[in-house]
1. What does the charge dipole of the chain about its Cα centre add up to, to the nearest 20 debye, if the Cβ of each Lys and Arg holds +1 and the Cβ of each Asp and Glu holds -1?
2. So which residue, out of Arg56, Arg29, Arg72, gets the largest mean-square fluctuation from a GNM of the chain using Cα contacts under 10 Å as springs?
3. 7 Å from Cα along Cα→Cβ at both Glu71 and Gln90: what's the point-to-point distance in nm?
4. With just the Cα atoms defining each centre, how far is the range 13-33 from the range 49-122? Give it in Å.
5. Over the alpha-carbon set of the chain, divide Rg by the Kirkwood Rh and report the Rg/Rh ratio to two decimals.
6. Using θ = phi - 60° and the Karplus curve 6.51 cos²θ - 1.76 cosθ + 1.60, what whole-Hz ³J(HN,Hα) does each residue of the range 55-68 get, with Gly and Pro shown as x?
7. Once amide H atoms are built 1.01 Å from N in the peptide plane, which residues 5 or more positions from Leu69, or in another chain, come under 5 Å H to H?
8. GNM, the chain, Cα, under 10 Å: largest mean-square fluctuation among Gln88, Gln43, Gln110?
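Every read-out reported here was derived from the displayed coordinates using simple, explicitly stated rules and does not represent laboratory data. Bear in mind the structure is a predicted one, so any value in this text is a computation, not a measurement. Cβ sites come from the backbone with ideal geometry, for glycine too, and all protein chains shown count toward neighbours.
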Amino acid sequence: DSRRTLRRFLSLQVQGAADAKDLLLRLRREFDSRPLPNPAALQTGLDILLHSDLRRALATLDLPSAWLLGERDTLVPKSLAHALTGLQPQAEVHVIDGAAHAPFLSHPGQCLKRLEAFIRHV
């Protein structure tokens, strides 16, 4: 049941956010207004997540990067910040307080501020 699974995944995107209920309603409304993705594309995405380890490639990346992590993210924990700076010491890593997996939705002002500062710096 891909629709049900994707709706559950949407809830994981906002789990932990202070305004999770409002964000989830917004995401589900947008999701429900669109056709379901192709099942083969969904399976390919899951296979990539399951079988890909890009840490070595990330360590060799020679360009500026900025990472915005959510303090309350249940999918990508904020502890990743330490690993990222180990793999890519020049990276700018910011943890957005109170944000879950989609800080650009729950904290757009803070994300924009961080991205604008990054762009000015690069």
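1. 340
2. Arg56
3. Each label point is offset 7 Å from its Cα along the Cβ direction, giving 3.1 nm.
4. What the calculation gives is 21 Å, centre to centre.
5. The Rg/Rh ratio comes out at 1.00.
6. 4, 5, 5, 4, 5, 9, 5, 10, 7, x, 9, 10, 10, 10
7. His94, Val95, Ile96
8. Gln43
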